[in-house]
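These notes concern the structure reproduced below.
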Amino acid sequence: MDHVQTLVIGAGVIGLAIARHLALRGHEVLIAEAEGAIGQHTSSRNSGVIHAGIYYPPGSDQQRLCLAGKAMLYDYCATRHVGHARCGKLTVAPNAERVPELHQLQARGAANGLDDLYVIGADELREREPAVAGAGAMVSPSSGIVDAPGLMLSLLGEAEGAGAMLALATRFVAAAPHPAGFAVRFGDGAEVSCTNLINAAALGAWDVARGIEGLALGSIPPCNLAKGSYFSISGKSPFSALIYPMPLVGSLGVHSVQDLGGGVRFGPDMEWIDKVEYSVDTGKQAMFEAAIREYWPDLPAGALHPDGAGIRPRIWGPGMAKREFEFQGADIHGLPGLVQLFGFESPGLTACLAIARHVGEMLAT
Ligand SMILES: Cc1cc2nc3c(=O)[nH]c(=O)nc-3n(C[C@H](O)[C@H](O)[C@H](O)COP(=O)(O)OP(=O)(O)OC[C@H]3O[C@@H](n4cnc5c(N)ncnc54)[C@H](O)[C@@H]3O)c2cc1C
């Protein structure tokens, strides 16, 4: 059986960032990806927003990694020529009664270390975004967008440049204890041993965990899937910044998401589902139109068309308290060399480089 020092399961943006980070630090890395190409799931089915880090609980991993990851990502994209734009984000209050909430959001952001947020009134909002209706908005200048597929290609290129290997169409099936760490079996019957095993399979992380012999099943958190659908319009975006409604519980609401080519999508909504399935229910169109007209009243009737969906892997579900994503090392599951990542929903794209650094620190201790 061949041996590799570190096996990363999953070639999404987080698995690739981890592989790159560890390869650059001298690890011998193999990335095993079930699909025939990288980034076919969550990492290419999201809003592509570089989040500022306004809403996460102060002091949480999400907050810390979002702030650090945002700075690292802007720097990475600029130095590697990965497409991105620091276009800013406006969170819009639909009426005067809700303007005080903008100031509460600003205070919440300030508690999270964001000192660049500010609130503007209706006149300035109209001046900056003539298509947007609202009584005011909170401006987040450090929010932006990134070309997620371009980012993943760049991370893979750097990982491979540092010696990492990518095995596509290679599904992790099981792992058993081995003198060197773990003996891993893949779907095609191939086997490899590894010292470190990183479970970055996102929606597949629970199946991977259940396939690891010796893992206390009680350490595996609940698995919940929260689907988010998108609709888009043809032509150019009527906005220059990202436009968000006031946030909802468990979702940031149906916001506008521009792409680097100047087009725009709207979404995602939030729907609990039972299995991974990406079709968009066209019956949602009327709900999307109503939500978008809250801030863009001139959305032409019938202009929306379905434009893909993504699924948030969550360790909390309906009726449960909201939980942030979870890193699990040997202190939690008892298996040295195993790092598991569960529930890496937003801001996983923004934070991928900081998440990779954190995993590196976990392996070093
Ligand atoms: C609707 C939506 C909107 C979002 N918007 C944003 C945003 O604007 N900004 C932001 O920062 N974050 C956003 N996120 C979160 C972000 O997209 C994710 O945190 C991030 O993409 C997760 O990356 P990943 O590598 O963990 O997952 P994935 O990209 O899903 O990668 C996991 C990989 O593991 C592979 N895999 C699964 N099982 C196995 C197996 N058994 N063997 C081998 N390989 C396997 C899969 O094929 C997949 O390629 C959003 C998420 C969603 C769903």
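The values are calculated or read from the model by the stated rules, or taken from the named source; none is laboratory data. In this text, all values refer to a predicted model and were calculated from it rather than measured experimentally. Here Cβ is always computed from backbone atoms with ideal geometry, including for glycine, and neighbour counts include all displayed protein chains. Surface accessibility is based on the protein's heavy atoms, side chains included, excluding ligands, DNA and RNA. Shrake-Rupley method; radii C 1.70, N 1.55, O 1.52, S 1.80 Å.
Every residue in region 11-33 that is open to solvent by 10 Å² or more (accessible area, probe 1.4 Å) and in contact (Cβ under 8 Å) with a residue 12 or more places away in the chain, please.
Here is the first cut: in region 11-33, the ones open to solvent by 10 Å² or more (accessible area, probe 1.4 Å) are 12, 14, 20-21, 24-28, 30, 33.
Within region 11-33, GLY12, ILE14, ARG20, HIS21, LEU24, ARG25, HIS27, GLU28, LEU30, GLU33 meet the criteria.
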Hits in region 105-158 (condition: within 20 Å of the chain's Cα centre (by Cα) and part of a helix (DSSP H, G or I)): GLY109, ALA148, PRO149, GLY150, LEU151, MET152, LEU153, SER154, LEU155, LEU156
Quickly run through region 206-252 and pick out the residues that are at pLDDT 95 or above, more than 12 Å from the ligand (Cβ to nearest atom), closer than 18 Å to GLU289 by Cβ and not polar (S, T, N, Q). PHE231, ILE233, PRO238, PHE239, ILE243
Every residue in region 143-161 that is open to solvent by less than 50 Å² (accessible area, probe 1.4 Å), aliphatic (A, V, I, L, M) and either out of contact with any strand residue (DSSP E or B) (no Cβ under 8 Å at 6 or more places or on another chain) or within 11 Å of the ligand (Cβ to nearest atom) (or both), please. ILE145, VAL146, ALA148, LEU151, MET152, LEU155
Kindly list, by first and then second residue, each pair from a residue in region 131-149 that is within 17 Å of ASP75 (Cβ to Cβ) to a residue that is open to solvent by 10 Å² or more (accessible area, probe 1.4 Å) and of a type in the set (Asp, Glu), limited to pairs with Cβ atoms under 7 Å and residues at least 6 apart or on different chains. PRO141/ASP116; SER142/ASP116
So which strands (runs of 3 or more DSSP E) stay within region 254-365 end to end and still have 3 or more residues that are touching a helix residue (DSSP H, G or I) at 6+ places or on another chain (Cβ under 9 Å) and open to solvent by 30 Å² or more (accessible area, probe 1.4 Å)? 305-314
Can you say whether GLN62 is open to solvent by 50 Å² or more (accessible area, probe 1.4 Å), among the polar types (S, T, N, Q) and touching a residue at least 24 places away in the same chain (Cβ under 8 Å), as far as the supplied structure shows? no
Basic (Lys, Arg) and either closer than 23 Å to HIS84 by Cα or touching a His at 6+ places or on another chain (Cβ under 9 Å) (or both) - does that describe any residue in region 261-273? yes
Might you let me know whether region 193-201 holds any residue that is open to solvent by 10 Å² or more (accessible area, probe 1.4 Å) and either without any contact (Cβ under 8 Å) to a residue 40 or more places away in the chain or aromatic (Phe, Trp, Tyr) (or both)? no
Got a number for residues in region 50-61 being within 23 Å of ALA205 (Cβ to Cβ) and near the ligand (Cβ under 10 Å from one of its atoms)? 1
Mind checking which pairs have a first residue in region 318-340 that is over 15 Å from THR6 (Cβ atoms) and a second that is open to solvent by 50 Å² or more (accessible area, probe 1.4 Å) and among the aromatic types (Phe, Trp, Tyr), Cβ under 7 Å, 6 or more apart or different chains? PRO318/TRP272
Residue in region 214-224 that is open to solvent by 50 Å² or more (accessible area, probe 1.4 Å) and in a strand (DSSP E or B) present: no
